[in-house]
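Working notes for the structure below.
The values are calculated or read from the model by the stated rules, or taken from the named source; none is laboratory data. These figures come from a predicted structure and were not determined experimentally. For neighbour counting, all protein chains shown are included, and Cβ atoms are generated from backbone atoms with ideal geometry for every residue, glycine included. SASA here: full protein model, heavy atoms, side chains in, ligands and nucleic acids out. Shrake-Rupley method; radii C 1.70, N 1.55, O 1.52, S 1.80 Å.
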Amino acid sequence: MTTIIDPSYVDPALINPRAIRLVQAFKDALARLRDEEGLTFDDLNTVTEALQHMQQATGVPLALAAMPLYGELFQGGRDGYTPSEDVTSPTFIPGSPHVDNDGALPMRPDEPGVPLVVSGRVLDGHGQPLAGAKLDIYHAANNGNYSGLWDDGVPKYNLRGHLFTDTEGRYTFTTITPVAYADATTAAIEKVVEAAAALGRSVYRPAHIHFEIHHPDLITSWFGEIYFKGDPVIPVDFVGAKIAHPALQGDTVLHEDPKDIAEAGFEVPYRSMEFDFVLKTRTSPATIAREERRA
């Protein structure tokens, strides 16, 4: 017996009103770009072709390859206080080792780079300490590679670790000073380089340290990166110039005095940075004045 299929039938149970609204809003946005900015179908082809080249060369999911188009919306921790819908970084690896609060991230004995001591506090919107907050911390090595992602002989948790704040919300750890980096595979794709240049961007990312902060009082765990004031790559960041919000940029101090170096336990000049996280809890005010932001 032949089953007759009604080509006009759609199961009402499968209809997703939110999906319909999102698709319509996206089409409306494209229509505005067409009418107001002269967007053409060739423009869309150019973008999708560049993304396909990046995806094929790197093997990352297409959504991740497109991150430079919308990273400023979903990544970066916003202003450091307002909870964001940040995506989990593709460079994150769970299970990092615990380090003492004032200890050092795991690193190779000959880890290249300038030593960096990072310290500060984790506070709520009233300036009260969040004791026992868990900080997951990690960053790239001086060659721009993150440990644990490639079979390159580097220990899986190199420059990765987690610690807990003390009763005053304080944290301290030692690592090496991150540097700006570019993904070598992406930087070798001509269409990507051309697209970045057309947008006034570099193929580099500014130096930064990733933090994931967890505490039961937080409205939501905080995911983001801390950057370094004065980094010339910030305005031309491959992912977008707005991702490094001014409130997420810390100052570093270079210590070159032999006495300071010896007292800190180093044999070479080192840098230090103090950065306080002010995060929104369930009892925090809706907003905080910018001058209250400790950075």
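Dividing the convex hull volume of the alpha carbon atoms of segment 186-295 by its residue count, what do you get in Å³ per residue?
On the way: hull volume 18.7 nm³, N = 110.
Hull volume normalised by residue count: 170 Å³.
Ranked from the most accessible area to the least, with a 1.4 Å probe and all protein chains present, what is the order of Glu194, Glu263?
Working: Glu194 100, Glu263 135 Å².
These residues rank, largest area first, as Glu263, Glu194.
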Could you state, as a whole-number percent, how many of the C-alpha pairs of segment 124-238 are farther apart than 22 Å? 47
Among DSSP beta bridges lying fully in the chain, give the percent that are antiparallel, nearest 5. 75
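Run the dipole for the chain about the Cα centre, Lys and Arg Cβ at +1, Asp and Glu Cβ at -1, nothing else charged, and hand back the magnitude in debye, nearest 20. Show your work: numbers first, answer last.
Values: 24 positive and 41 negative charges, 112 e Å.
That gives a dipole near 540 debye.
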Using alpha-carbon positions, what is the distance between the centroids of segment 142-207 and segment 1-65, in Å? 31
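Write down Rg/Rh for segment 1-130, rounded to two decimals, with Rg from the C-alpha atoms and Rh from the Kirkwood relation over Cα pairs.
Reported Rg/Rh, Kirkwood definition of Rh: 1.13.
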Let me make sure I get this right: for the chain, a, b and c are the square roots of the gyration tensor eigenvalues over alpha carbons, sorted descending. Under 1.5 in a/c it's rounded, otherwise prolate if a/b > b/c, else oblate. Which is it? prolate
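Please work out the average accessible area per residue across the chain, using the 1.4 Å probe convention, and give it in Å². If you can, show how the numbers build up before the last one.
On the way: 16610 Å² over 295 residues.
Heavy-atom SASA per residue in the chain reads 56 Å².
How long are the semi-axes of the equivalent ellipsoid of segment 1-70, defined as square roots of 5 times the Cα gyration tensor eigenvalues? Whole Å, largest first.
Numbers: eigenvalues 205, 84, 37 Å².
The answer is 32, 20, 14 Å, longest axis first.
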How big is segment 235-295 by Rg and Dmax over its Cα atoms, in Å? 16.9, 46
Computed over segment 63-171, Kirkwood Rh from alpha-carbon pairs, angstrom: 15.9
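Only Cα pairs under 8 Å and at least 6 apart count here; give the relative contact order of the chain as a rounded whole percent. Can you show the working numbers first?
Details: 521 pairs, mean separation 63.3, N = 295.
For the chain, the relative contact order is 21 percent.
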Segment 132-258, accessible surface, carbon-and-sulfur percent (1.4 angstrom probe): 55
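Would segment 184-237 count as rounded, prolate or oblate if I go by the C-alpha gyration tensor, calling it rounded below 1.5 in a/c and otherwise prolate when a/b exceeds b/c, oblate otherwise? Walk me through the intermediate numbers first.
On the way: a/c = 3.18, a/b = 2.30, b/c = 1.39.
Prolate.
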Using the beta-carbon distance between Ile5 and Ala31 and R0 = 35 Å, what value does 1/(1 + (r/R0)^6) give for FRET efficiency, to the nearest 0.05? 0.55
